[in-house]
Every structure is written in structure tokens, then in C-alpha cells.
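The values are calculated or read from the model by the stated rules, or taken from the named source; none is laboratory data. Bear in mind the structure is a predicted one, so any value in this text is a computation, not a measurement. Note: ideal-geometry Cβ built from the backbone for every residue, glycine included; neighbour counts use all protein chains shown. Ligands, DNA and RNA are excluded from the accessible area calculation, which covers all protein heavy atoms including side chains. Shrake-Rupley method; radii C 1.70, N 1.55, O 1.52, S 1.80 Å.
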Amino acid sequence: MKPELPLFPDAASSVARDVDLLFLTWSAISLFFTVLIAVLVIYFMVRYRRTHPEEVGARERTSFALEITWSVIPLAIVLVMFVWGTRVFFKIYRPPADAVEYTAVGKQWMWKFQHPEGQREINALHVPVGQPIKMKLTSEDVIHSFFVPAFRVKQDAVPGRYTSVWFAATKPGRYHLFCTEYCGGEHSKMIGWVTVMDPHEYEAWLAGGAAGKSLVASGEELFQTLACDTCHRAVDTARIARGPALEGLYGREVTLRSGGTITADDTYLRESIVNPMAKVVAGWDPVMPTFQGQVSEEQLTQLIAYIQSLGKP
């Protein structure tokens, strides 16, 4: 039977053991030196205490070897831990190539998730065990923070930009999901669950749930509803385009009217939709209207997924 107040939550992801080992090692090193210094302080207080008011201490002598020793040893320990911590950091924040992208939008006071297949959930997330999941995060209002203790991953969801975190669950089960950034009066209620399932059970869950349109399909429909296709046409179309073609745009370097360049990533595309005058593409007039307030964060994510899916013209 598990204790009511375990020292650590379950280690249920591919990086959890690495994080725990790093943390425990640092804790052990800190405890060792804390105890060592405390014992030495007490020993020197007793051993070299003044026993008579007129007693004068011996002349101080320095040891070059001792100075080198207590400087080199801590430096070596810190450098080793720095390299180790850096490796763990990059492991946590670099998703593998086969990671499947899910989206999460924080809102006072809930998490809204969408699966690549189209299913949507609120304050609940179902994922298959063993599958790397890249969670694309944003917020509709204030800063939130996505935290699953059992996975040892945490990342802020920031309004107006996109962040991401990844995990690969290693054990089926149900794990707590928290917002760890104070986000208002109901912050303490912004909690949920991540349910990790065997792959065949996950497929059954997908099949039995309310089917929805995928991000790309929803984005394509919204693209046409907002009449974006009337301006952004492929370069080989016979009709006149009022804006740059979007085929093959994602991830490409874009030249701006200001003379600079920028990579067409998620953040750039989002800004171009809600504030199109901020970075105008070279060779085009600034005629695009803003869609600020007309599309939600979920719809922005759908539009970006659709643009990302467009191949070369």
C-alpha cells in the first residue's frame, strides 16, 4: 500500500529517473558538506576555544596545498554537476523526431486539449504509453504553467506566444495535472488528470469518443470561412493575389519590408494573423486586416497547423 504522503510522486516518464537521480545527487552532496562544515565548526570551537582571558592564539599559518584542495574539489564537483544538469535539461526540452504534437490552451481556470485526430478534452488528457508527446502550449488570458509531477515536466503557457514541453509516459495510470503559476482567484481549482493507456486501449478510446475534425481540417475550414484564400493564393494561380503564397512557407526564412529576415515559425504566423502590420513581407503592401479578437487561441492553433501542412506550391 502506498503511503498517504509519499516523498516523491510516481516516476512515470522517460525523463523522470534522470531528474530524480540528479536531484538526489545534489541533495546528498549538499547534505554532506552541510554536515561536514557544521561538525568542523563545532570541533574548532571546542578544540581552539580560549581557556584563559590572557591567552593569545598562535601565529596564523597558511597552507598553499590546503587552499588549492578546498578550491579545486568544489570546482570539480560543480563542473561535473553542471555538465550532468545540462544533459538532462536538453533531454527534457528537445523532443524526439517521432513525437506526436498535441495542443493545450490555458484559460482561467481550465486546460483545453486537442488531439491530432481532433478529439477535445477539458482538464483531462488521454495519451498512449510509450509514445513521445509534444505538448504545444499557449494561453488565452494570463500566464499558466503546465505541470505533471509524475512526468517531472513543467512549462509556462504564455499569452501571445507558443511554448512546448514533451514527455513519454512509461507506466499506464492516472496522474495529476496542475497549473503552477498563480493565475487568479480560482487558481487552486485549475487541476486535471493525465490518463496513460495501453496503445490498443487508447485506440479504442479514440474510436469510442466524439470524433472531431483534426487540427489541419479545422484550420482549412476556418481559412476559407475567414476568406483568407481570397488573398493568399499559390504563385501559379491565374487569379491576382494580394498577399504572399503560404505553400511551403512554414519554417522558411522570410524577407521583410524593413530589410531584415525572420523564420516563419508558430510565433511569427500568430503575430501575422493578429497584428499583420508588425512584420510586413517584402514586395507586398500592408493591406491585411487584423483578426485580433475575431479568432480564439484554439482557432489560431488550427490555422497555423493548416499553414504548416501546406506543401510546396
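Laid out as a table, the results:
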{"read-out": "All positions within the stretch 42-58 that are surrounded by 10 or more Cβ atoms within 10 Å (Cβ to Cβ) and either among the polar types (S, T, N, Q) or at positive phi (or both)", "value": "none"}
{"read-out": "Options ALA65, ALA28, ALA58, ALA11; residue that is under 47 Å from the mean Cα position of the chain (by Cα), of a type in the set (A, V, I, L, M, F, W, C) and in a loop (DSSP other than H, G, I, E, B)", "value": "ALA11"}
{"read-out": "Residue check, LYS107 in contact with a helix residue (DSSP H, G or I) (Cβ under 7 Å, 6 or more places away or on another chain) and of a type in the set (Lys, Arg)", "value": "no"}
{"read-out": "Subset of the stretch 162-188 [part of a loop (DSSP other than H, G, I, E, B) and open to solvent by less than 40 Å² (accessible area, probe 1.4 Å)]", "value": "TYR162, ALA168, CYS183, GLY184"}
{"read-out": "Matching residues, the stretch 59-78, being open to solvent by 100 Å² or more (accessible area, probe 1.4 Å) and farther than 27 Å from TRP26 by Cα", "value": "ARG59, GLU60, ARG61, THR62, PHE64"}
{"read-out": "Residues being part of a loop (DSSP other than H, G, I, E, B) and of a type in the set (Lys, Arg) - total across the stretch 32-55", "value": "2"}
